[in-house]
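Input: a single structure, listed below in structure tokens.
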């Protein structure tokens, strides 16, 4: 089969097809020159139609001869082409059958490799199975024949260890947002995204605390204002006080004047 090849015997270069090209071209040039710039009037309509018909007949005659010659010269090639197609069909039949077998074999090998990869995954995933599913980490290139199973195993182990390490990093942060950060990591498997989420949550808490503190300050200020207003009211509220004191006449007059000066109303049996 290795020595089988197509051999063409005595393939000769085709000679140019000889015909009265120059003569025909010269005669036509002279004959057709009279039609250059020719303008037909209404009375010449019949002649114009006849001229057009004659020219079309000449064109058809020339084209038909071209087709005839082409057909004749194509016969050897068409015969050759048909025979080559027949040979190609003969080659294709076993080729397709072999190709099908090769594909079936390769598919079977891929399934065996897929099963082996699944066993490696199941043996090492532990309690991370719900987080790090095989489908999530799957790489279609693993099924390539050139991708060694040992390299695939190292890849899977590397991914599992990375997740475990990243979870430890989150736990060591000792943050109140640990649950939220772990959820973020589970959805992204990206520690950088976790750090960004941590900053976001801390900023939210800080802003809430600042708003709460501001409200407390405002409440205390309002309370102080109310107490001051109450004290002012108490200070300006007049009370009726009954006292009994012994005074000299002079002292009575002085006290009386003091009441008047301070706009204090009073009742006294002696005054």
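Points to keep in mind about this one:
- The set of residues from region 192-204 being surrounded by 12 or more Cβ atoms within 10 Å (Cβ to Cβ) and more than 22 Å from the chain's Cα centre (by Cα) comprises 195, 198, 200, 201, 202.
- Residue 158, sole failed condition from (1) in contact with a helix residue (DSSP H, G or I) (Cβ under 8 Å, 6 or more places away or on another chain); (2) within 30 Å of residue 113 (Cα to Cα): (1)
- Among the candidates 162, 113, residue that is under 25 Å from residue 189 (Cα atoms) and free of Cβ contacts under 8 Å to residues at least 40 places away in the same chain: 162
- Flag if residue 97 is free of Cβ contacts under 8 Å to residues at least 40 places away in the same chain, in a helix (DSSP H, G or I) and within 30 Å of residue 144 (Cβ to Cβ): yes
- Only one entry in 189, 247, 234, 255 is loosely packed, with under 10 Cβ neighbours inside 10 Å and either at pLDDT below 95 or under 30 Å from residue 130 (Cα atoms) (or both), namely 234.
- Residue 103 under 30 Å from residue 4 (Cα atoms) and assigned to a helix (DSSP H, G or I): yes
The values are calculated or read from the model by the stated rules, or taken from the named source; none is laboratory data. Note that this is a predicted model, so its numbers are computed, not measured. As a convention, Cβ positions derive from the backbone with ideal geometry for all residues, glycine included, and neighbour counts pool all protein chains shown.
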